[in-house]
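For reference, the structure is listed below as structure tokens.
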Amino acid sequence: MQILTISGSPSVQSRSARLLGHVRAQLERAGERADHLDLRSLPADALLGAQVSDPAIADAVARVEAAGVVILATPVYKAAYSGLLKTFLDLLPQSGLRDKVVLPIATGGSLAHTLAIDYALRPVLTALAARSILPGIFAVDSQIVVADDGVTVDPSLQQRLDDGVERVHQALALARHPTVAQVIVSSRSAVRAATLAHTQADADRMRCLA
């Protein structure tokens with residue numbers, strides 16, 4: 001089962017994209033491989049014109065179709081997810097997320113935007129026939145510190161990211177192995193072991209920056 005991460009931010013300096021990269025790196029440390037789709041790189045005219053025959057658009061849609069797990073990240077603007085992500089999701093077939101597990105991630109300037117995932121994005125994912133929509137992860141911008149050497153996140157946010165990655169591993173285990181319970185336990189152990197040192201280091205850095 002393939003994992004696809006999708007960045008829905010139109011900004012070059014995007015906390016949501018950086019956070020998504022942080023999650024992707026966490027998955028890779030635990031032995032998973034993830035394809036990545038940056039919607040900002042798609043041709044604007046073809047995207048806005050819904051030109052599904054355009055090679056780049058067709059390739060992006062095909063990558064979604066091939067994925068079993070989709071992790072998407074978006075900034076929240078005025079209580080809604082990005083127009084870039086909305087435009088792309090509109091290009092997918094009516095059942096474009098059928099049989100897929102989806103983990104939505106969003107970032108915003110304040111906790112006032114927390115419900116954007118459940119009230120704006122989740123209904124669209126449901127309409128696209130996602131098999132399972134995992135609990136969304138919302139991060140306030142101040143919980144993400146971007147530096148030249150990477151991203152540091154608040155410990156409470158990292159815990160929620162760990163939980164999200166665990167749920168992704170569970171979905172992968174269900175798809176790959178008949179002895180599900182045993183695999184889920186080992187997956188949890190692998191995730192915890194791979195991220196414990198990074199989480200502690202992030203906490204130390206956040207205290208130093210405070």
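Readers should treat all values here as calculations from the given coordinates under stated rules, not as data from a laboratory. This structure is a prediction, so every number in the text was calculated from the model and none was measured. Neighbour counts run over all protein chains shown; Cβ positions are idealised from the backbone, glycine included.
Quick look at the numbers
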quantity: Some residue of region 45-54 being in contact with a Lys or Arg (Cβ under 8 Å, 6 or more places away or on another chain) and polar (S, T, N, Q); calculated: no
quantity: Helices (runs of 4 or more DSSP H) (entirely within region 1-66) containing at least 1 residues that are within 25 Å of S142 (Cα to Cα) and touching a residue at least 40 places away in the same chain (Cβ under 8 Å); calculated: 15-29
quantity: Output for region 130-152, where each listed residue is closer than 17 Å to T114 by Cα and not small (G, A, S); calculated: I133, L134, P135, I137, F138, V140, D141, Q143, I144
quantity: Filtered residues of region 24-37 (kept if under 20 Å from D148 (Cβ atoms) and out of contact with any His (no Cβ under 8 Å at 6 or more places or on another chain)); calculated: A25
quantity: Test: residue in region 66-76 that is over 14 Å from A120 (Cα atoms) and surrounded by fewer than 18 Cβ atoms within 10 Å (Cβ to Cβ); calculated: yes
quantity: Among residues of region 123-152, those that are surrounded by fewer than 17 Cβ atoms within 10 Å (Cβ to Cβ), over 13 Å from L19 (Cα atoms) and of a type outside the set (V, I, T), counted; calculated: 8
quantity: Flag if D59 is surrounded by fewer than 16 Cβ atoms within 10 Å (Cβ to Cβ) and within 15 Å of A127 (Cα to Cα); calculated: no
